[in-house]
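Novice: Below is one structure. I have some questions about it.
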Amino acid sequence: MNARMSYLVCYYSRAVNCIVGSVVAVRTFRITKKRYLNDKVSSERKTVLITGCDTGFGHLLAKHLDSKGFSVIACCLFPNDNGAKELQKSCSERLKVVGLDVTKDESVSQAKEFVTKNLEDSELWAIVNNAGILKGVTIELTSLRDFKDSLEVNTLGVVRVTQAFLPLLRKSKGRVVNLTSVAGKCQLSTN
């Protein structure tokens with residue numbers, strides 16, 4: 001076989017491989033989408049607990065899920081402030097606001113008691129760990145206290161809330177969603 005023939009065989013076999021690979025990829029995507037990415041999740045009898053609903057993403061997510069028919073437990077650090085009041089005013093009776101400080105065991109226990117009493121005929125379907133803080137800019141300018149506060153909210157708060165509500169999630173075969181920010185990808189200046 002000459003060099004030209006070798007080249008053509010190699011070229012056409014690559015082309016066939018690309019076509020077959022593309023067909024397999026498209027079919028796999030369609031099957032996966034049909035089975036797992038169905039965006040028509042029934043909200044019936046499903047309650048979602050969201051931490052950090054005073055402002056930002058948690059606030060918006062609480063409103064969105066309420067509009068989709070889910071029962072929502074919106075956990076706010078300041079349940080009597082504007083963010084919590086605005087949620088209560090603009091959402092349906094399916095949304096309930098509860099005070100929650102993820103850094104305090106007692107606050108988490110009280111929130112769990114509130115949720116257990118208010119589930120009624122629904123089940124805790126999801127926890128969205130959204131509460132988070134960012135203190136400091138550079139290592140030199142950030143105090144050790146600020147690092148500890150960030151760790152307490154952003155890491156231990158997630159563990160504390162998840163551990164407390166895990167028994168309720170197991171009953172419903174629910175899910176835990178942990179949110180974070182892109183700030184973790186930002187390099188802190190050391191110059």
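The values are calculated or read from the model by the stated rules, or taken from the named source; none is laboratory data. These figures come from a predicted structure and were not determined experimentally. Glycine gets a Cβ as well: all are built from the backbone with ideal geometry, and neighbour counts include every protein chain shown.
Novice: Somewhere in the stretch 77-84, is a residue surrounded by fewer than 19 Cβ atoms within 10 Å (Cβ to Cβ), among the charged types (D, E, K, R) and touching a residue at least 24 places away in the same chain (Cβ under 8 Å)?
Specialist: To start, the set of residues in the stretch 77-84 that are surrounded by fewer than 19 Cβ atoms within 10 Å (Cβ to Cβ) comprises 78-82.
Subset that is among the charged types (D, E, K, R): 81.
Right, trim to touching a residue at least 24 places away in the same chain (Cβ under 8 Å) and you get 81.
Yes; the residues of the stretch 77-84 include at least one that is surrounded by fewer than 19 Cβ atoms within 10 Å (Cβ to Cβ), among the charged types (D, E, K, R) and touching a residue at least 24 places away in the same chain (Cβ under 8 Å).
Novice: A further question follows. Could you tell me whether the stretch 71-82 includes any residue that is over 30 Å from L151 (Cβ atoms) and not β-branched (V, I, T)? Before the answer, list the steps.
Specialist: So in the stretch 71-82, the residues over 30 Å from L151 (Cβ atoms) come out as 71.
After this cut, where a residue has to be not β-branched (V, I, T) as well, the list is 71.
Yes, the stretch 71-82 contains a residue that is over 30 Å from L151 (Cβ atoms) and not β-branched (V, I, T).
Novice: Identify the single condition in (1) surrounded by 21 or more Cβ atoms within 10 Å (Cβ to Cβ); (2) at pLDDT 95 or above; (3) more than 24 Å from S172 (Cβ to Cβ) that T103 does not satisfy, given that it satisfies every other one.
Specialist: (1)
Novice: Among the residues of the stretch 154-174, is there at least one that is in a loop (DSSP other than H, G, I, E, B) and at negative phi? So that I can check it myself, show each step before the final result.
Specialist: First, the residues of the stretch 154-174 that are in a loop (DSSP other than H, G, I, E, B): 173-174.
In the following step, the residues that additionally are at negative phi were identified as 174.
Checked the stretch 154-174: at least one residue is in a loop (DSSP other than H, G, I, E, B) and at negative phi.
Novice: With the structure loaded, tell me whether G52 is small (G, A, S), assigned to a helix (DSSP H, G or I) and buried (at least 18 other Cβ atoms within 10 Å of the Cβ) or whether it fails that test.
Specialist: Values: small (G, A, S): yes; assigned to a helix (DSSP H, G or I): no; buried (at least 18 other Cβ atoms within 10 Å of the Cβ): yes.
In short, no.
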